[in-house]
Amino acid sequence: MGPSMTRPVQGSLTRPGGGSLHPALHGILEYWWLFAICAWLAAGLLYLTLPPSPDQFNHAYMGWRLLAGDRLYVDFIDVNWPGVSGLHALATWVFGVHLWSWRAFDFLMFALSAAFLVDLVRRAATPMAARICVLTSPLLYVAAGYWMSGQHDMSAAQFLVIALWFHVRGDETNRLRWQIGTGLALGLAMLNKPSVGAMLPLMLLQALLLGKPWVRVVVNGAVVTLAMLATIGTAVLAVLLSGTSLTELIDVTFVFLFSMQFADDPAARGQRLLQVLWWTHGRKWADLTLAALPALVWLLDRRRRSVATTSLLVLWVTGVLSYAIQGRGLAYHLAPSFLALVGFVAVAPTALAGGRLAVTRPLIHRLALAGLLLFVLLGQAYKFNDLYGKVPRAWLDDDWSHHLAHFRDLDGITFKDSVEFAARAKSESTTDCLLAVSEVSSINYLSQLRQPTRFYYFPVIERTRAPMPMAERWLTAWAAELKSSDCRYVLVARRASEKWQAEPSPAADSLRELLRGYRESGTLGKNGGLVVYERN
């Protein structure tokens, strides 16, 4: 973790002129490792009670189907690159099909990336800042929100942290082999979210601005690029060897994805960028943003500026660029920026205390440090109460329904509705399938009832139309799969039944034909967002 705590180095426990800190503060810092263990255990246990987000359930369904032998981009159509379904398949393989499986796996992944983040903070600032990062990072992570933590943007960000660590080590040692690790980790990050590849040119620009020889920068960049491409190419080859054709892979991950991603007005994309930057950093992450400001100023001081001290800034800018590239206006696309803020928060006390946590600092330093600590504590307390406020009562009563009802799935239902209907469908279904014409995958995953069609995510078939080259093939497959399905239950999103089905289209006609053999038997959600059909 760094130099021994008994040595009076920068960030140590001694006063500048000798002596010791206040006994209470001294005790906390002396036994920081004990508080760190408690923080990680408490954070992990709380995190297991947080249901996956709707997107994470979509990915969990994909992972479960991969383990069942389905082929990516053939037996289920998903626009994400293969790292997403691969990680979720690994999570299900390790922990099984449970409400908490992905959260458990993701927390272990975060623990791994946090080790690299802590060492980045140590190299950028002080050993004391690294210890603060050990203490605070798990608590900040599990309070980030159920749409932020565990999202595939966050999985990518975790690999980015590892890539940055290798990048810094390569600079410190001037050995090319470290850049192979940079490329491998960056490739893994891109397999979860390709837009985070923006980090590569940022790292090259960072090195040039810091005065590194351009030949060295070019060679390092070439090694990183080759390792990154080899990682991505290996994953693509594995997909092709599983039985997916190159045409099917390109149709989904490039043709269809780009038609969805860049269909809106560029001006609207720019407006959303400004809005979400203000909303996340100025409101939702106001406490973390405030802490980042003194840390950023301290790290960028000309006297200590290096690849290590600017690495967190590179991570933050990567998140902003990834968000801008995607242009969808979703806060979780800023996941790399969030992890950068976690690092900045750990550096902030060092910045405000001038490199030492000593009570002999001027009064303004101590007041600033106390005020920052209070602001962050209040901000995080609010987030913890919002996410986990119902956990104590749920644990005491052994009834998690109110806690799950606090979190909304898509199409107007909560995870309480998902869990309850999944249990009902699993016990009553006489076949192994359940058709959900919606954006909800939690019911299929938890009930372990597969979708009878490859179009498990309704917006894909909803948006498939000419002149897309795969439109005729996909619409034909949709009609054939519905015709041959034999599920007891069909769930149809209210918006699909009221809008999409009302318009003449071959895909909607296929669903209407199927529902002639079913009767409407109820709805799910407070406002009936999902209509339930049972076979006659």
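The values are calculated or read from the model by the stated rules, or taken from the named source; none is laboratory data. Given the structure is predicted, the values throughout are model-derived calculations rather than measurements. With ideal geometry, Cβ positions are generated from the backbone for all residues, glycine too; neighbour counts draw on all protein chains shown. Surface accessibility is based on the protein's heavy atoms, side chains included, excluding ligands, DNA and RNA. Shrake-Rupley method; radii C 1.70, N 1.55, O 1.52, S 1.80 Å.
Here are the numbers for this structure:
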quantity: MRE, 222 nm, helices only [DSSP H, n ≥ 4, -39500 (n - 2.57), over the chain, to nearest 500]; calculated: -19500 deg cm²/dmol
quantity: Cα gyration tensor, the stretch 292-434 - rounded (a/c under 1.5), prolate or oblate; calculated: oblate
quantity: Loop-exposed trypsin sites (Lys or Arg not before Pro) per DSSP, neighbour cap 10 Cβ within 10 angstrom, longest uninterrupted part of the chain; calculated: 304-515
quantity: Point-charge dipole on Cβ atoms (K/R +1, D/E -1) for the chain, about Cα centre, debye to 20; calculated: 1940
quantity: Placed amide H near residue 530: partners under 5 Å, 5+ positions off or other chain; calculated: 494, 524
quantity: Using alpha-carbon coordinates, inclination of helix 311-326 to the longest axis of the chain, degrees; calculated: 20
quantity: Among (1) 85, 60, 42; (2) 69, 62, 50; (3) 92, 63, 47, the entry that matches Cα extents along the principal axes in Å as calculated here; calculated: (1)
quantity: Cysteines having no other Cys beta carbon under 4.7 Å from their own, within the chain; calculated: 38, 133
quantity: Per-residue SASA entry for residue 97, accessible area with 1.4 Å probe, Å² rounded to 10; calculated: 30
quantity: DSSP-defined antiparallel bridges as percent of all bridges, the chain, nearest 5; calculated: 70
quantity: FRET efficiency estimate (nearest 0.05) - Cβ-Cβ, residue 364 to residue 393, R0 35 angstrom; calculated: 0.20
quantity: Within the chain, longest stretch clear of exposed chymotrypsin sites (Phe, Trp or Tyr not before Pro) (DSSP loop, no more than 12 other Cβ within 10 Å); calculated: 263-536
quantity: Antiparallel content of DSSP bridges confined to the stretch 434-536, in %, to 5; calculated: 80
quantity: Shape of the stretch 202-354, Cα gyration tensor, a/c cut at 1.5; calculated: oblate
quantity: The stretch 509-517 - phi-based ³J(HN,Hα) in whole Hz, Karplus 6.51/-1.76/1.60, Gly and Pro as x; calculated: 4, 5, 5, 4, 5, 4, 6, 5, x
quantity: Acute angle (nearest 10 degrees) that the helix 82-95 long axis makes with the longest principal axis of the chain, alpha-carbon atoms; calculated: 90
quantity: Rounded to 10°, Cα long-axis angle of helix 54-67 versus longest principal axis of the chain; calculated: 70
quantity: Which of 230, 245, 164, positive extreme of dipole for the chain (C-beta unit charges); calculated: 164
quantity: For the stretch 64-144: rounded, prolate or oblate by the Cα gyration tensor [a/c cutoff 1.5]; calculated: prolate
